[in-house]
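Undergrad: Sharing a structure here in structure tokens format.
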Amino acid sequence: MHDDGRYDDPRVTGPGADPVSRETSYQGWPVDDGSGGPATTPPDYHPLVHGDEPVAGGPRPTSSVPANVPPARDPHEGTGRPVNAPSPHPAPVHGDAAGPGRYESQPGTAVPQQATPQAAPDRVAGVVVPSDTPPGPGYGAEPAASTYVSRETPTREEDDPPLAMEAMRAVQILNPSGEVTMPRPDRTRVMCVANQKGGVGKTTTTVNLAVALALHGNRVLVVDLDPQGNASTGLNVPHHTGVPDVYDCLINGVPLEEVAQGVEGIPNLWCVPATIDLAGAEIELVSVVARESRLARAIAAYPGHFDYVFIDCPPSLGLLTVNALVAAQEVLIPIQCEYYALEGLNQLINNINLVRQHLNPRLEVSTILLTMYDRRTRLADAVEQDVRNHFGDKVLQAVIPRNVRVSEAPSYGQSVMTYDPGSRGATSYFEAAQEIAERGVRESVSRNA
Ligand code: ADP
Ligand code: MG
């Protein structure tokens with residue numbers, strides 16, 4: 001990053017690439033991290049000029065981009081791309097650590113058979129995509145792969161862990177013995193996974209951390225608090241209309257244990273699903289008694305003991321998220337290592353502070369997880385540095401890379417932990433879960449000392 005706070009990126013360094021700072025710079029940052037200390041102000045962000053959008057104040061600086069560098073892409077693209085749509089590139093792109101087909105020539109790896117992308121229809125979350133689907137917007141305009149510089153097309157050796165190591169990691173992650181290999185906390189840790197931005201990895205993080213901890217001997221409950229029901233889908237828990245769900249608990253006072261369902265194949269994991277009914281809850285809650293603490297009461301009344309309760313929040317700061325914040329002791333904020341990553345975060349932190357002051361004094365932001373990290377971009381590194389500078393040791397050392405296996409897994413009703421346990425995505429979520437478990441134990445020791 002330059003002294004003036006601008007990131008060193010070919011898309012902004014050229015003449016005429018004057019950032020449109022009013023819209024997108026990180027002004028007004030002062031964010032209270034909840035520690036009670038003075039708010040710090042990280043350097044201003046400046047926007048990257050991206051995509052083909054016209055830029056106020058001047059034309060896009062095409063002349064600054066070297067001829068052999070691909071055109072600037074929308075930093076948010078990739079998440080919506082059909083996972084198995086044909087790529088215009090022969091090599092993996094978008095941080096896809098593996099790329100479809102890598103197991104074809106690598107027998108002996110512990111990979112579930114049904115997980116082979118070639119054997120499965122092209123689909124995303126149940127939607128069948130014809131195999132000749134043209135690439136999405138932004139792809140067609142790219143130059144031939146031969147013109148790419150190496151930062152965009154890493155070699156397979158860089159991305160794939162060696163086979164033997166991968167197989168070993170897969171066994172370690174699946175923990176077939178079922179032993180307690182991640183320390184269990186001395187009391188239930190209720191963690192609210194929140195960020196009012198959509199698509200930052202809340203659900204993916206909830207599902208994969210929950211599965212990782214459950215595979216390693218912890219008893220875990222996932223509460224799906226997003227009307228979209230993505231966590232329920234990811235855990236393969238029925239959540240069609242008519243299935244008793246979290247809405248019944250919040251609005252009608254049905255006990256959680258009556259709606260919680262066991263997750264198939266993961267003995268220690270349960271899920272309270274969300275159906276589309278939940279979409280109305282935000283409004284219906286307004287007139288319900290103790291509307292902010294309905295979920296807290298339901299969790300407290302649960303007769304069984306859990307080591308972890310993960311609450312997957314919707315992408316808003318409405319009453320559903322407030323219910324999650326009141327029910328939790330800890331907030332886990334996934335931050336996508338992309339442009340705009342920190343924007344709006346101070347609003348979330350303000351809400352957390354309000355809930356702490358008025359409704360739940362024990363609430364703290366305990367964990368920040370960096371997701372969808374693409375190490376080929378300098379932007380990801382810059383975002384990581386800023387988040388670490390600002391949030392310090394709340395940020396987990398483990399960082400989740402952008403990995404195609406992670407985004408494929410939900411369409412098979414699986415977490416990446418079981419879908420491809422040797423993948424970088426699974427390994428990273430495993431490391432994050434381990435870190436969370438170990439931190440919890442350290443903190444309880446210091447609490448009791
Ligand atoms: P949120 O719950 O915050 O809206 P999701 O967890 O649903 O975000 O993630 C948004 C999209 O990004 C999903 O399609 C998901 O599969 C994909 N995704 C999440 N994490 C990764 C990752 N590490 N690598 C690749 N894709 C990811
Ligand atoms: Mg979600």
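The values are calculated or read from the model by the stated rules, or taken from the named source; none is laboratory data. Please read all numbers here as calculations on a predicted model, not as lab measurements. Positions of Cβ are generated from backbone atoms using ideal geometry, with glycine treated the same way; all protein chains shown enter the neighbour counts. To get the accessible areas, we keep the full protein, side chains included, count just its heavy atoms, and leave off ligands, DNA and RNA. Shrake-Rupley method; radii C 1.70, N 1.55, O 1.52, S 1.80 Å.
Undergrad: Report the gain in length on full extension from residue 347 to residue 264: 0.36 nm times residue separation, minus Cα-Cα distance, nm rounded to one decimal. Mind dumping the intermediate values first?
TA: On the way: separation 83, 0.36 × 83 = 29.88 nm, distance 3.73 nm.
This chain segment gains 26.1 nm when fully extended.
Undergrad: A further question follows. Report the full-extension gain for the segment residue 378 to residue 358: residue separation times 0.36 nm, less the Cα-Cα distance, to one decimal in nm.
TA: Numbers: separation 20, 0.36 × 20 = 7.20 nm, distance 4.07 nm.
Net length gain for the segment: 3.1 nm.
Undergrad: Please get the size of the charge dipole for the range 261-362, origin at its Cα centre, with Cβ charges of +1 on Lys and Arg and -1 on Asp and Glu, quoted in debye to the nearest 20.
TA: Values: 5 positive and 10 negative charges, 90 e Å.
The calculated dipole for the range 261-362 is roughly 440 debye.
Undergrad: Still on this structure, please answer the following. Could I get the Rg over Rh figure for the range 220-316? Both from C-alpha atoms, Rh via Kirkwood, rounded to two places.
TA: Values: Rg = 12.4 Å, Rh = 13.3 Å.
My calculation puts Rg/Rh at 0.93.
Undergrad: Report the dimensions of the range 313-387 along its three principal axes from the alpha-carbon atoms, largest first, rounded to Å.
TA: 42, 20, 16
Undergrad: Beta carbons within 10 angstrom, averaged per residue: use that to sort the peptides 277-284, 250-257, highest first.
TA: Working: 277-284: 18.1, 250-257: 16.5.
So the order, starting with the most tightly packed, is 277-284, 250-257.
Undergrad: Here is a follow-up. Using only the heavy atoms of the protein chains and a 1.4 Å probe, how would 305, 239 rank by accessible area, largest first? Could the numbers behind the result be given before it?
TA: Values: 305 85, 239 50 Å².
Largest accessible area first, the residues go 305, 239.
Undergrad: Something else: Please label the shape of the range 244-399 as rounded, prolate or oblate, based on the square roots a ≥ b ≥ c of the eigenvalues of the alpha-carbon gyration tensor (a/c under 1.5 means rounded; beyond that, a/b larger than b/c means prolate, else oblate).
TA: Values: a/c = 2.05, a/b = 1.61, b/c = 1.27.
It comes out prolate by the Cα gyration axes.
Undergrad: Related question: Find how much the distance from residue 180 to residue 393 grows on full extension, using 0.36 nm per residue of separation minus their present alpha carbon separation; answer in nm with one decimal. Don't skip to the end; give the middle numbers.
TA: Values: separation 213, 0.36 × 213 = 76.68 nm, distance 2.58 nm.
Between residue 180 and residue 393, full extension yields 74.1 nm more.
Undergrad: Give the long-range amide H neighbours of residue 373: residues separated by 5 or more places, or on another chain, with amide H under 5 Å away, using H modelled in the peptide plane at 1.01 Å from N.
TA: 337, 400, 402
Undergrad: Continuing with this model, one more query. Gap in Å between the Cα centre of the range 236-252 and the Cα centre of the range 348-381?
TA: Rounded to whole Å, the Cα centres lie 28 Å apart.
Undergrad: Provide the per residue accessible area, probe 1.4 Å, for the range 183-284, rounded to a whole number of square angstrom.
TA: Working: 3370 Å² over 102 residues.
Here the residues of the range 183-284 average 33 Å² of exposed surface.
Undergrad: Highest first, please rank the peptides 365-376, 292-303 by the mean number of other Cβ atoms sitting within 10 Å of their residues.
TA: Numbers: 365-376: 22.4, 292-303: 17.6.
Those peptides, ordered most packed to least, come out 365-376, 292-303.
Undergrad: At residue 172 and residue 241, where each label point lies 7 Å from the Cα along Cα→Cβ, what is the point-to-point distance in nanometres?
TA: 4.8
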